[in-house]
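The values are calculated or read from the model by the stated rules, or taken from the named source; none is laboratory data. All figures in this text were calculated on a predicted structure; none of them were measured in a lab. When we count neighbours, we look across all protein chains shown, and the Cβ atoms used for this are built from the backbone with ideal geometry, even at glycine. Note: accessible area is taken over every heavy atom of the protein model, side chains too, but ligands, DNA and RNA are not part of it. Shrake-Rupley method; radii C 1.70, N 1.55, O 1.52, S 1.80 Å.
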Amino acid sequence: MNREICGVRSVAFHTLGCKVNQYDTQAMMEALAKDYRIVSSEEGADIYIINTCTVTGRADQKSRQYIRSIIRKNPEAFVAVTGCYAQRKPFEIAKIRGVDLILGNQEKNRISSFLNGGGKNSGSLVFVEDIDFALRYDIPNVTSHQFHSRAFVKIQDGCGNFCSYCIIPYVRGKERSQPLPDILEEIKGLAGKGFKEIVLTGIRLGSWGEDLDGNITCAMLLEKVSEIEDLARIRLSSLEPRDLSEELIDRIASLPRVCPHLHIPLQSGDDKILKAMNRPYDTFYYQDLIKRIREKIGGIAITTDVMVGFPGEGEGEFENTYNFVRKMKFSKMHIFRFSPRPGTPAARFKEKVGEREKKKRSEKLLALSSRMQEEFNISFLGETLEVLVEKRRNDYLTGLTGNYIRVTFNGPGKLVNKIVRVKITRIEKGYVTGKLI
Ligand code: SF4
């Protein structure tokens, strides 16, 4: 059933995976909004664009499930698949009957030139170039975001670190930075539209500038972005430990608009496992980094990623990780179970850990993470913090502090998208409430 209105076809998007992929979808949406009507997938559309993820085996499975469900529910719709799974396994996706177009991670930046009105094809057309040929950042700026108070701004793509378990370098290519003038123009546009907080994001965010002329660094970028009017907050998404230079730490400490919250993936607290993961640091280096950051930035929230069940991780290695993360007093941890990615070195490693054992270890670390989050929140009891109000539900407002504590408090709806001062009055089971000052 054709859902054209006044000859304009409708397009719906679905995104799997990380903030960078969500940003890529926003960029595709804005590129197509000139010629197509953007609708939600629930509404039903003439064209579906599915932006996939391949970071784990489960992500591939979810991508296939979603593709099949769209084809089943909309047999006449034009279905295009892009993103990291499409970049890695285009011909595996082409076997799914009903897929019309498969685009790689570079090609999706020029999606309007491939859609061609979106007429059903008899089979899948595949346009996926080797991602190693991607040498320049060529993603168009975005001018809006689905959230109202915080906007993700992608400033970098690709990673060349080749951690032994990670498939991302094979699907996102080498590091590529968005030029500074484009970033400033994009953020000025978003701030002018009322976004109070921007989240700088990328695949290896801290490498921004390394491939640009003129010896420019992430620290210098932060300085420039901090000069933009109407912007209240700058948040950094995830930074690799080795990318946190002294210069960058000093800049984060000295710029009041930069949120006192850093996400610094650790992955393991055992040096033997870190080496096998090809992570470029050991626990001594990581511990010293966290100490230096905390000395310079009071009240900072440090969150992290930890992987359990990496090949060779025995009881002893896991105990080392457990004790190390407890010592680091993170304010929150994201726990991942090792998932062998074909094509990565770790997929061929011996001494595999069983699924039941992985589950047990991840549950143990998740419980520890909740306790550490509660301890972190309790350390602010009675203090007054600034909160960016995101939304109102019933008579309650909710939003995030600069150091990533979600607070709920009474207040009028007119405060949505405003920065307000809130006294932290109660913490219970991870739930933080406060009083508007
Ligand atoms: S730093 Fe390592 S884990 Fe992160 S994207 Fe690069 S290769 Fe993957």
With +1 on each Lys and Arg Cβ and -1 on each Asp and Glu Cβ, and nothing else charged, work out how big the dipole of the chain is about its Cα centre, in Debye to the nearest 20.
-> 1560 debye
Nearest-0.05 FRET efficiency for E229 and R356, computed from C-beta distance (R0 60 Å) = 0.65
Simple label model, 7 Å out from Cα along Cβ direction - I419 to L184, nm = 2.1 nm
Any cysteine of the chain lacking a neighbouring Cys Cβ under 4.7 Å - listed by number | C6, C18, C53, C84, C159, C218, C259
Against the rule of thumb 2.2 N^0.38 Å, how large the Cα Rg of the chain comes out = 1.01
According to the square roots a ≥ b ≥ c of the eigenvalues of the Cα gyration tensor, what is the shape class of region 10-129, taking rounded for a/c under 1.5, prolate for a/b larger than b/c otherwise, and oblate for the remainder?
-> rounded
For region 303-373, the percent of accessible surface on carbon and sulfur atoms (probe 1.4 angstrom, ligands and nucleic acids excluded) is 54 percent
Using 0.36 nm per residue of separation minus the Cα-Cα distance, give me the extension gain between E319 and K364 in nm, one decimal.
-> 15.1 nm
Report the charge-dipole magnitude of region 148-292 in Debye, nearest 20, computed about the Cα centre from +1 at each Lys and Arg Cβ and -1 at each Asp and Glu Cβ.
-> 500 debye
So, relative contact order of the chain in percent, Cα under 8 Å, 6 or more apart, is 10 percent
Please give the FRET efficiency for K95 paired with T384, using the beta carbon to beta carbon distance and R0 = 56 Å, rounded to the nearest 0.05.
-> 0.45
So what is the accessible area of the chain per residue, in Å², with the probe set to 1.4 Å?
-> 45 Å²
For the pair D395 and D132, the simple spin-label estimate (label points 7 Å beyond Cα toward Cβ) gives in nm 6.4 nm
With the full set of protein chains in place, find how many percent of the accessible area of region 1-147 is carbon and sulfur; take the probe as 1.4 Å.
-> 53 percent
Answer in debye to the nearest 20: the dipole magnitude of region 10-129 about its Cα centre, from +1 Lys/Arg and -1 Asp/Glu charges placed on Cβ, is 420 debye
Calculated from DSSP helices alone, with each H run of at least 4 adding -39500 (n - 2.57) and the total divided by the residues of the chain, [θ]222 nm to the nearest 500 comes to -9500 deg cm²/dmol
Per the charge dipole of region 141-224 (beta-carbon charges, Lys/Arg positive, Asp/Glu negative, Cα centre), the residue among L200, P169, S144 reaching farthest to the positive end is S144
With the full set of protein chains in place, find how many percent of the accessible area of region 384-436 is carbon and sulfur; take the probe as 1.4 Å.
-> 47 percent
Rounded to the nearest Å, what's the spacing between the alpha carbon centres of region 84-142 and region 194-220? Just the number, please.
-> 27 Å
For the pair R58 and K120, what calculated FRET efficiency results from E = 1/(1 + (r/R0)^6), where r is the Cβ-Cβ distance and R0 = 30 Å, to the nearest 0.05?
-> 0.50
